[in-house]
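Have a look at the structure below, then the notes.
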Amino acid sequence: RPRVLSGIQPTADSFHFGNYLGALRQWVDLQRDHQPFFFIADLHAITVEQDPKLLRERTLRAAAQLLAMGIDPARSSIFVQSQVPEHAQLAWVLNCLTGFGEARRMTQFKDKSAKQGEGAASVGLFTYPILQAADILLYRPHFVPVGEDQRQHLELTRDLAQRFNSRYKKTFRLPEPYILKSTAKIADLQEPTAKMSKSASSPSGIIEMLDDPKVSAKKIRSAVTDSGSEIRFDVEEKPGVSNLLTIYSALSGEPIAALEEQYAGKGYGAIKGDLADLVVTFVTPFRERTLELLDDQAYLSAVLQQGRETAGAVAEATLRDVYQRAGFVAPT
Ligand code: TYM
């Protein structure tokens, strides 16, 4: 079975609908006929300052949410990045293969460091994509299911894999990004030309999966819509309505064209009301299940321990090859 790998940062109390529709839903689907490795990227989280207590809590909440949305530990390895030390070890080797200018071109670093002022940004933030490349290459996956914002990191990953393979010996598989066009970039409800983002969006622009469903419904009803009143999918002219149509279609399974027809002649209020109901129906059981799982810490730990073992064995074997090929003397 082809392998898939992906990760998510534990930097918020809840995943949001961008994470879910852009990536996590594909994780759940791909489990069926792939060999999956899914992890919580706590090493990536500390590229910006985190409160340790909160980071620990959010890591467990992330694990509970993955299980609640249908990641099945019998099919998938679910683990915590910092518990598999090979991620950081391979990242060092890849750091030494990456050009400074090459790293500097990464747009996420540019955006995030611009916010803090480049001098204040950590070196970890700068090498973030290289750690991500290590995360991926260790497992030699065929596919990496992510949202559009990760595409550039995937390209760097492929470049580094190729560079290592040609400098030493073929070691890494070149992974393919798995990005679903329709949901690759879910927009902020208040600022529909920007992506929904836990770091950049205002609270009213994000639908959080663990929010009180009533709050989520209210956010949808007060989403920014466009001038005019026609319900039509047109990202350029009508980014707000198009985003609502995208979310609606993804959750209901109805094609966008059918929704346009269904809402022809009706106002924005009608589609917002129906979408709000749809979201409430979706998040209510998800939220209950997550809270139940969070009450069962023993089960969560057992799942993460099992994931660590399966992932650790694969990571260890890859790193051994890498160290040998790089010319490091093996311990006896
Ligand atoms: P993170 O934690 O920011 O987001 C997790 C996943 O959600 C996707 N996503 C979105 N998709 C569509 N629309 C949006 N508005 C939206 N917001 C977020 C992201 O693309 C991502 O797939 N660097 C990664 C974590 C990571 C990783 C990896 C991913 C670390 N190592 C290795 C894949 C492979 C990140 O920060 O994702």
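Pairs only if they're at least six apart or on different chains, beta carbon under 8 angstrom, first in the stretch 79-103 and in a loop (DSSP other than H, G, I, E, B), second away from the ligand (no atom under 14 Å from the Cβ) and among the hydrophobic types (A, V, I, L, M, F, W, C); list them, first residue then second. From residues that are in a loop (DSSP other than H, G, I, E, B), the pairs are Leu97/Phe164. Search the stretch 140-153 for residues being assigned to a loop (DSSP other than H, G, I, E, B) and within 27 Å of Ser182 (Cβ to Cβ), and hand back the single one that is farthest from the ligand (Cβ to nearest atom). Checked the stretch 140-153; the qualifying residue farthest from the ligand (Cβ to nearest atom) is His142. Of the residues contained in the stretch 42-55, none is found to be within 24 Å of Lys181 (Cα to Cα), at pLDDT 95 or above, within 12 Å of the ligand (Cβ to nearest atom) and part of a helix (DSSP H, G or I). Name the pairs: first residue in the stretch 1-20 and more than 20 Å from Leu180 (Cβ to Cβ), second residue among the acidic types (Asp, Glu) and in a strand (DSSP E or B), Cβ to Cβ under 9 Å, at least 6 apart or on different chains? As it stands, the answer is Ala12/Glu208; Asp13/Glu208; Ser14/Glu208, since those pairs meet every condition given. Here Ser216, Ser249, Ser199 are screened, and the one residue that is within 15 Å of the ligand (Cβ to nearest atom), more than 30 Å from Gln324 (Cα to Cα), assigned to a helix (DSSP H, G or I) and among the polar types (S, T, N, Q) is Ser249.
Going by what's in this entry, would Pro175 be described as crowded, with 17+ Cβ neighbours inside 10 Å, under 30 Å from Val322 (Cβ atoms) and either within 12 Å of the ligand (Cβ to nearest atom) or among the hydrophobic types (A, V, I, L, M, F, W, C) (or both)? Here the answer is yes, as Pro175 does meet what is asked. The single condition from (1) at pLDDT 95 or above; (2) among the polar types (S, T, N, Q); (3) away from the ligand (no atom under 12 Å from the Cβ) that Gln132 fails is (3).
Looking at Lys195, Lys219, just one residue is more than 16 Å from the chain's Cα centre (by Cα), closer than 26 Å to Lys112 by Cβ and basic (Lys, Arg), and that residue is Lys219. Looking only at residues in the stretch 117-133 that are in contact (Cβ under 8 Å) with a residue 60 or more places away in the chain and assigned to a helix (DSSP H, G or I), the one that is surrounded by the most Cβ atoms within 10 Å (Cβ to Cβ) is Gln132.
The values are calculated or read from the model by the stated rules, or taken from the named source; none is laboratory data. On a predicted model such as this, the values are computed, not experimentally measured, just so you know. Don't worry about glycine lacking a Cβ; one is built from the backbone with ideal geometry, like all the others, and counts go over all protein chains shown.
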